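The values are calculated or read from the model by the stated rules, or taken from the named source; none is laboratory data. Please read all numbers here as calculations on a predicted model, not as lab measurements. Methodologically, a virtual Cβ is constructed for each residue, glycine included, from the backbone with ideal geometry; neighbour enumeration extends over all protein chains shown. Remember, those area values only see protein heavy atoms, side chains included, never the ligands or the DNA or RNA. Shrake-Rupley method; radii C 1.70, N 1.55, O 1.52, S 1.80 Å.
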Amino acid sequence: MKKALVLAGSLALGLALAQGAARAHGDVQPQPVDTAGLEPLGTEWKSENPYRGNEKAIAIGSSGFNQNCARCHGLQMISGGLAPDLRYLPQGKEGDEYFVERMRHGAVINGVTKMPAFEGVLSQEALWAIRSYIDAKHEE
């Protein structure tokens, strides 16, 4: 009987600790990005960043990046190897095209989702604000 109580207590303690460890990673669901103050872009996707150099967009993009991208791409875009280091993403139209493709459709490699698709999850305004932040960090 005593062994059964010790075993049950150990099991309960292990489950409680495991639950805490699982929650320590944080919320991995996409977080909403407040784009108030940015010009609405409509439903048709832009091919180039309409907010490039816009200080408000950069600030919004910084918050959006930290909430949705940093867990894989690293704080301030300094990747630890899990995902590409976005400081080296091409700038201008070439980088915008790559960014839009990846953000809208994600990336599946060998049947494994390496990056989720954000189209329909985050607004075009939020995604271009994140791109504005990436551009601003690249220039530093």
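For this structure, a couple of remarks:
- When only the Cβ of Lys, Arg, Asp and Glu is charged (+1, +1, -1, -1), the dipole of the stretch 33-103 relative to its Cα centre reaches about 220 debye.
- Karplus-derived HN-Hα couplings along the stretch 51-66 (A = 6.51, B = -1.76, C = 1.60, θ = phi - 60°), whole Hz, x at Gly and Pro: 10, 3, x, 7, 4, 5, 5, 5, 5, 5, x, 4, 5, x, 5, 4
- With R₀ fixed at 25 Å, the C-beta to C-beta distance from LYS56 to VAL121 puts the FRET efficiency at about 0.70.
- When +1 charges are put on Lys and Arg Cβ atoms and -1 charges on Asp and Glu Cβ atoms, the dipole computed for the stretch 70-140 relative to its Cα centre reaches about 280 debye.
- Cα convex hull volume per residue for the stretch 30-140 (Å³): 99
- Residues within the reach of a label modelled at SER79 (point 7 angstrom out along Cα to beta-carbon, backbone nitrogen below 11 Å), restricted to the stretch 46-61: there are none.
- With all protein chains in place and ligands, DNA and RNA left out, the 1.4 Å accessible area ranks SER132, SER62 as SER62, SER132, largest first.
- Shape of the stretch 63-119, Cα gyration tensor, a/c cut at 1.5: rounded
- Loop-resident sites, the stretch 26-99, for chymotrypsin sites (Phe, Trp or Tyr not before Pro), counting at most 14 other Cβ within 10 Å (DSSP): TRP45
- Estimated vicinal HN-Hα couplings, Hz - the stretch 128-138 in sequence order (Karplus 6.51, -1.76, 1.60; Gly, Pro = x): 5, 5, 4, 4, 4, 4, 4, 4, 5, 5, 5
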